[in-house]
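Undergrad: Can you read through this structure? Questions will come right after.
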Amino acid sequence: MARAFAARGHDLALVARRTDRLDALAAELTARPGGPRVETAALDVTDDDAVAAVFSRMREELGGLDRVVVNAGIGNGRPVGSGKPDANLATARTNFVAALAQCEAAMEIFREQGSGHLVVISSVAADRGLRGSATVYSATKAGLSTLAEGIRSDVAGTAIDVTTIAPGFIRTDLNEGMSMPFAVDGPTGVRALVEAIERRPAHAYVPRWPWSLLGPALRLLPMPVVRALT
Ligand SMILES: NC(=O)c1ccc[n+]([C@@H]2O[C@H](COP(=O)([O-])OP(=O)(O)OC[C@H]3O[C@@H](n4cnc5c(N)ncnc54)[C@H](OP(=O)(O)O)[C@@H]3O)[C@@H](O)[C@H]2O)c1
């Protein structure tokens, strides 16, 4: 997504824990004359104070933030009650509590600026409580989608937009080795993500087909069918 947004002329602030990867990407993107400005910073999004500090520093360094994409997420849960709560607690902290900290920091900046675009990367998994190792993941994504809807309602009619992106399956490190119906490769997923984000809708399934049919259908199907499918 960073490469695609850079190609569209956006300056970028890239944050994650593995800064070697971010710095290599920044070097690649800024190597071409006339390329974008790219700032990088180490950030563990589960560190609330660091989230606020890094967002504020990136805003100062770039002279403002037009858009924040709340993307960091993990998916390594366990069935609830299986005696291994750590993975589920970590999933809840990263995917929901840390996402809330990022929304707080982003919205504070956007409210001061009077404009901005908050994007949260939720999931089709938000549409239904899923079983087994996906239970907490689906709950965090449902929470994130509901959080974004509430913020969107707060700022309706202003120059601040809030977009919920609900990907289906895009092959990445997150889901390596998983069996995934209708999965697309990284470049196809990125094209669909960037196109959806640039439209600034309230909600978008990505890729649109088949997920804009399957997501709403998942909400209506009886539980035995959902259990069989997921
Ligand atoms: N791929 C799919 O099919 C799919 C479907 C639906 C939703 N999603 C959502 O899409 C988002 C991106 O997932 P992905 O598939 O691209 O997974 P990924 O390849 O594993 O990437 C996850 C990213 O999150 C960052 N991250 C994780 N924990 C972090 C932390 N504590 N602090 C800062 N950064 C952290 C990682 O960077 P560092 O490790 O360097 O920090 C990495 O860049 C997630 O929210 C995921 O739930 C993905």
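Undergrad: Please build a GNM for the chain, connecting alpha carbons under 10 Å apart, and tell me which residue among Ala159, Ala52, Ala13 fluctuates the most.
TA: Judging by the Gaussian network model, the answer is Ala159.
Undergrad: Normalised by the number of residues in the chain, what is the relative contact order in percent for Cα pairs under 8 Å and 6+ residues apart?
TA: Relative contact order for the chain comes out at 16 percent.
Undergrad: Now a separate question. Considering only Leu22, Leu220, Leu14, give the residue with the highest GNM mean-square fluctuation for the chain, with springs between Cα atoms whenever their separation is below 10 Å.
TA: In the Gaussian network model the winner is Leu220.
Undergrad: Here is a follow-up. Taking the chain as a Gaussian network, where each spring joins two C-alpha atoms under 10 Å apart, which residue of Leu62, Leu144, Leu213 fluctuates the most?
TA: Answer for the Gaussian network model of the chain: Leu213.
Undergrad: Can I ask one more? Would you kindly work out the equivalent ellipsoid of the chain from its C-alpha gyration tensor and give its semi-axes, the square roots of five times the eigenvalues, largest first in whole Å?
TA: Over the Cα atoms of the chain, the semi-axes work out to 29, 19, 19 Å.
Undergrad: Which whole-angstrom value gives the distance between the alpha carbon centres of the stretch 170-230 and the stretch 1-60?
TA: What the calculation gives is 26 Å, centre to centre.
Undergrad: Ranked by accessible surface with a 1.4 Å probe, highest first, in what order do Met1, Met107, Met223 come?
TA: In descending accessible area the options line up as Met223, Met1, Met107.
Undergrad: What order do Arg78, Arg128, Arg8 take when sorted by accessible area (1.4 Å probe), most exposed first?
TA: In descending accessible area the options line up as Arg8, Arg78, Arg128.
Undergrad: Using a probe radius of 1.4 Å on heavy atoms only, what accessible surface per residue do you get for the stretch 26-160? Whole Å² is fine.
TA: 48 Å²
Undergrad: Let me ask you something else. Could you tell me what percent of the accessible area of the stretch 1-131 is made up of carbon and sulfur, with a 1.4 Å probe and every protein chain present?
TA: That fraction is 48 percent.
Undergrad: Could I ask something else about it? Give me the three principal axis extents of the stretch 1-42 from the C-alpha atoms, as integers in angstrom, largest value leading.
TA: 27, 16, 13
Undergrad: Okay, moving on. If you wrap a convex hull around the C-alpha atoms of the stretch 149-220 and split its volume per residue, what is the figure in Å³?
TA: 112 Å³
Undergrad: Moving to a separate point now. Using a 10 Å cut-off on Cβ atoms, rank the peptides 179-185, 206-212 from the highest mean neighbour count down.
TA: The densest-packed peptide leads the list: 206-212, 179-185.
The values are calculated or read from the model by the stated rules, or taken from the named source; none is laboratory data. All of these numbers come straight from a predicted model, not from anything done at the bench. Every residue, glycine among them, receives a Cβ derived from its backbone with ideal geometry; neighbour counts consider all protein chains shown. Keep in mind that these areas ignore ligands, DNA and RNA; they rest on the heavy atoms of the full protein, side chains included. Shrake-Rupley method; radii C 1.70, N 1.55, O 1.52, S 1.80 Å.
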